[in-house]
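The values are calculated or read from the model by the stated rules, or taken from the named source; none is laboratory data. These numbers come from a predicted model, not from an experiment. Counting neighbours? That spans all protein chains shown, and the Cβs are built from the backbone with ideal geometry, glycine included. Ligands, DNA and RNA are excluded from the accessible area calculation, which covers all protein heavy atoms including side chains. Shrake-Rupley method; radii C 1.70, N 1.55, O 1.52, S 1.80 Å.
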Amino acid sequence: MKIYTYLSVFLFVCIISAGCNPVKDTDKDKEKKVEVKPKGEKSVGEMPVRVVELQPSEMTHDIMSNGKIVTAEIAELYFDRSEPIINVWVREGQHVRKGDRIARLDSYRLENELSKLIPDKEKAMLDLKDVLIGQGYDPDNNSSIPDEVLRLARIRSGLDKIEMSIAQTKEDIRKCTLLAPCSGKVADVKIKRYGVSKSSEIACRILNDHSMAAEFTLLEDELPFVKTGDRVEISSFATDDTYKGRITEINPAVDDKGLVRVKASLESAGGATDGMNARIRIRKSLGKKLSVPKSAVVLRSGKEVVFTYENGKAIWNYVSTGVRNLENVEITEGLEAGQKVIVDGNENLAHNSAVIIKKS
């Protein structure tokens, strides 16, 4: 038992001695811990940033809205009678030119009526001659017959009525062939060959794809900033295509939601389709102003701050801002032209932070 006690005391003394006399690093060990910084490497703590020189530049006030691209001219085609359809020459999406045939009705019944009217006209002409001869006039010399006498004779003979019926029947036969009133793309074809037309239903539509517009709404407090003729940019959500245009119509009435309907024509609409959803941007020029990219403005303690680059340091500047658009913020106080503004890498900077300008 005493032996175990002596051993325990001996081990305890050894542990205490080791803790009180730490092993010192040799000069060789120190050399291993020294880090040699490669030549040209930034100092510890330098943050890479991107800067731009602040100069007055064109500033715009942007008004944004969502809307639709629509066809400015749409022709709705109808047959004005119910007859069997014997031909349909178009399909949806097909491009047609003005005057191209769209579809045709069976005109047999009308042509039969016309053929019956021809003998009736010949009989009426004979009756007209009889009336004129009975009044002592030469029916073959109309110039010698007073206008009023000739008019009454045509009525008594029934010639006027027959000629009107013939003209109407010929027009009805002509209307049996539906023609494109303008160039464009065929849409919403509702008729089929061997079907029966209905005068109350649209046969199809022709969309003039060379005349497109954008329809959108603005808030009533934005109305004073826009006028007809203002330029707009229309960006399609589906294709990312951007079109230029001008405002052509502004509805003076404000609806119950506080919105105003606006319409703008597209200068070029290649690739645009009726009904496409789009983003509309109205840019109002405010002249040249001191402005910085939106990324340059950060919040510190609830205040707007812009960092400038001076001799390898990030300098904290409180600023007052004015107009904002999608890209830039107007600076009204706090900065001067010629200063180098940090626009990237400023998220975690503090005043006098060490920074280095990115090479690209």
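Looking only at the range 306-345, which residues are assigned to a loop (DSSP other than H, G, I, E, B), within 35 Å of the chain's Cα centre (by Cα) and of a type in the set (Gly, Ala, Ser)?
Passing the criteria: only Gly345.
Scan Ile191, Ile247, Ile202 and give me the residue that is in contact with a strand residue (DSSP E or B) (Cβ under 6 Å, 6 or more places away or on another chain) and assigned to a strand (DSSP E or B).
None of the others qualify; the one that does is Ile247.
Only one residue in Asn277, Asn251 is modelled with pLDDT of 90 or more and open to solvent by 50 Å² or more (accessible area, probe 1.4 Å), so which one is that?
Asn277
Across the range 227-241, what is the number of residues that are over 13 Å from Lys68 (Cα atoms), touching a residue at least 12 places away in the same chain (Cβ under 8 Å) and of a type in the set (D, E, K, R)?
Residues flagged as over 13 Å from Lys68 (Cα atoms), touching a residue at least 12 places away in the same chain (Cβ under 8 Å) and of a type in the set (D, E, K, R) within the range 227-241 amount to 4.
Counting only residues that are of a type in the set (Val, Ile, Thr), closer than 27 Å to Leu77 by Cα and open to solvent by 60 Å² or more (accessible area, probe 1.4 Å), how many does the range 191-234 have?
Count: 1.
Scan the range 56-70 and give yes if some residue there is in a loop (DSSP other than H, G, I, E, B) and surrounded by 16 or more Cβ atoms within 10 Å (Cβ to Cβ), otherwise no.
No, the conditions are met nowhere in the range 56-70.
So which of Lys288, Lys294, Lys313, Lys303 ends up being open to solvent by 70 Å² or more (accessible area, probe 1.4 Å) and in contact with a Pro (Cβ under 9 Å, 6 or more places away or on another chain)?
Lys288
Could you list, ordered by first residue, the pairs with Cβ atoms under 7 Å in which the first is in the range 131-142 and without any contact (Cβ under 8 Å) to a residue 40 or more places away in the chain and the second is open to solvent by less than 70 Å² (accessible area, probe 1.4 Å) and in a loop (DSSP other than H, G, I, E, B), at least 6 apart or interchain?
Listed pairs, sorted by first residue: Leu132/Pro139; Leu132/Ile145; Ile133/Pro139; Tyr137/Ile145.
For residues in the range 254-272 being touching a Lys or Arg at 6+ places or on another chain (Cβ under 9 Å) and of a type outside the set (A, V, I, L, M, F, W, C), which is modelled with the lowest pLDDT?
Ser268
Restricting attention to the range 83-113, which residues are assigned to a helix (DSSP H, G or I), touching a residue at least 12 places away in the same chain (Cβ under 8 Å) and open to solvent by less than 70 Å² (accessible area, probe 1.4 Å)?
Within the range 83-113, just Leu110 meets the criteria.
Any idea how many residues of the range 238-291 are out of contact with any Asp or Glu (no Cβ under 9 Å at 6 or more places or on another chain), over 23 Å from Glu222 (Cβ atoms) and polar (S, T, N, Q)?
2
So Lys116 ticks every box in (1) more than 48 Å from the chain's Cα centre (by Cα); (2) closer than 23 Å to Asp80 by Cβ; (3) surrounded by 16 or more Cβ atoms within 10 Å (Cβ to Cβ) but one. Which box is left unticked?
So Lys116 meets the others, but not (3).
How many of the residues in the range 133-188 are among the aliphatic types (A, V, I, L, M), open to solvent by less than 80 Å² (accessible area, probe 1.4 Å) and part of a helix (DSSP H, G or I)?
9
What pairs come up if the first residue lies in the range 169-195 and is over 30 Å from Met212 (Cα atoms) and of a type in the set (A, V, I, L, M, F, W, C), the second is part of a helix (DSSP H, G or I) and open to solvent by 30 Å² or more (accessible area, probe 1.4 Å), and their beta carbons are under 8 Å apart, counting only those six or more places apart or on different chains?
From the range 169-195, the pairs are Ile173/Glu111; Ile173/Leu114.
For the range 254-274, which residues satisfy the criterion of being open to solvent by 70 Å² or more (accessible area, probe 1.4 Å) and part of a strand (DSSP E or B)?
Hit for the range 254-274 is Arg261, nothing else.
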